[in-house]
Amino acid sequence: MKEALKDVNIYINQPITIYCDNTSAISLSKNSVMHSRTKHIPIKYHFLHEQVAEQNIVLEYISTKEQIADIFTKPLPREAFEHLHQKMGVISLSSLKFIHKDVARQGEQFDRGSSYAFLCH
């Protein structure tokens, strides 16, 4: 992630926080002890362990209900989708009013066009 941001001239000197709802993955990333139960763990978890050890990333716990990434990766019940949708700060286009940029009064509406701005209700 840091390398991709460098390509657009954004430099981050601190670890990137990754929110995870899997406490086992977080524990494994912090504990390098390998035993018979962890031999089958995929390479991606070992990569995460290395990145945590090098302080490139920090894994922090977040409850499954608050995991915003789920909105992109799995089908959700309507209530869960709406909750995560709201947490992301996404607004519905139907909640926008189109007003002329030169008009200071919020309630006045006009037809859409290039000299119009959006205001939220």
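For segment 17-33, name all the residues that are closer than 11 Å to L48 by Cα and modelled with pLDDT of 85 or more.
Correct list: I18 only.
Give me the pairs, please: first residue somewhere in segment 73-98 and under 21 Å from C20 (Cβ atoms) and outside any helix (DSSP H, G or I), second residue anywhere and among the acidic types (D, E) and modelled with pLDDT of 85 or more, beta-carbon distance under 8 Å, and either six or more positions apart or on two chains.
L76/D70
Might you let me know whether segment 38-50 holds any residue that is charged (D, E, K, R), modelled with pLDDT under 80 and part of a loop (DSSP other than H, G, I, E, B)?
Yes, segment 38-50 contains a residue that is charged (D, E, K, R), modelled with pLDDT under 80 and part of a loop (DSSP other than H, G, I, E, B).
The values are calculated or read from the model by the stated rules, or taken from the named source; none is laboratory data. Please read all numbers here as calculations on a predicted model, not as lab measurements. As a convention, Cβ positions derive from the backbone with ideal geometry for all residues, glycine included, and neighbour counts pool all protein chains shown.
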